[in-house]
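Each reported figure results from applying straightforward, stated rules to the coordinates on display, with no laboratory input. None of these values were measured; they are calculated from a predicted model. Glycine gets a Cβ as well: all are built from the backbone with ideal geometry, and neighbour counts include every protein chain shown.
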Amino acid sequence: MLKLLLRVYGAVHAVIAALFAVIALVLMWVTGREVWTAVIEQGLDRAATQQLVEVIGTAAVAVVALQISQTITEEEVAREAHVSSPTRVRRFMSRFLVVMVVALVVEGLVATIKALHEDMARLPHAAAVIAGAGVLLAAWGVFLRLNVPSEKLEPEAMEAAKDEDRKFE
């Protein structure tokens, strides 16, 4: 019964990963359409430049969605790995947080540029996004540092993870 339940979870994870991939593709389609509109239909003026800066944010979100899809597929579907050891938690969280921090910084930069050119009252909001990304990055560093001793307690988990990595190369 437990094996059947785990297969059902794997199937659900596969569906969720596929949805993230579809969303990423749709966002990239929207991004391409917006670039086309800005460059071809509007010409390269100030409004087009602003639109292209906003498109960078949409493209960043598409990358995040695709990376989440890949992470779910690799960790939960292909490897059938269960986040039960410190090594697994660190690897899963690291993959996810790298994507999130980069996306937040890109969004913060886009918001900053937009605020500087349109409405300076929005600048504190953009700064808050960038500061939040910094806090998330610092928290991730603390998590990694605190995770080292627990990983040393289970060196076999690290070796098992490395073996799995070799299978996927």
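Measuring between their Cα centroids, the stretch 126-153 and the stretch 12-29 lie 27 Å from each other.
Within the chain, helices built from complete DSSP H runs that reach 15 Å or longer along their own axis (Cα positions) and carry a mean Kyte-Doolittle hydropathy of 0.0 or higher are 2-36, 46-72, 86-117, 123-153. Sorting 103-109, 38-44 by average packing, meaning the other beta carbons within 10 Å per residue, from highest down gives 103-109, 38-44.
The stretch 18-117: D in µm²/s via Stokes-Einstein (Kirkwood Rh, Cα pairs, 25 °C, 0.890 mPa s)?
Rounded, D is 162 µm²/s.
The alpha carbon convex hull volume per residue for the chain rounds to 129 Å³.
Considering all C-alpha pairs of the stretch 30-71, those separated by over 11 Å amount to 62%.
Calculated FRET efficiency, residue 89 and residue 51, Cβ-Cβ r, R0 45 Å, to nearest 0.05? Result of the calculation: an efficiency of 0.65.
Run the helix sum for the chain: -39,500 (n - 2.57) per DSSP H stretch of 4+ residues, divided by residue count, reported at 222 nm to the nearest 500 deg cm²/dmol. Mind showing how you got there, number by number?
Working: 5 runs with 138 residues, N = 169.
Only helices count here, giving -29500 deg cm²/dmol.
Using R₀ = 35 Å, calculate the FRET efficiency as 1/(1 + (r/R₀)^6) where r is the Cβ-Cβ separation of residue 19 and residue 144; round to 0.05. Plugging the Cβ-Cβ distance into 1/(1 + (r/R0)^6) gives 0.75.
Can you tell me, using C-alpha contacts under 8 Å and at least 6 residues apart, the relative contact order of the stretch 1-80 as a whole percent?
Numbers: 59 pairs, mean separation 38.8, N = 80.
Result for the stretch 1-80 is 48 percent.
Under unit Cβ charges (Lys, Arg +1; Asp, Glu -1), what dipole magnitude, rounded to 20 debye, does the chain have relative to its Cα centre? Mind dumping the intermediate values first?
On the way: 16 positive and 19 negative charges, 62 e Å.
Using only the charged Cβ atoms, the result is roughly 300 debye.
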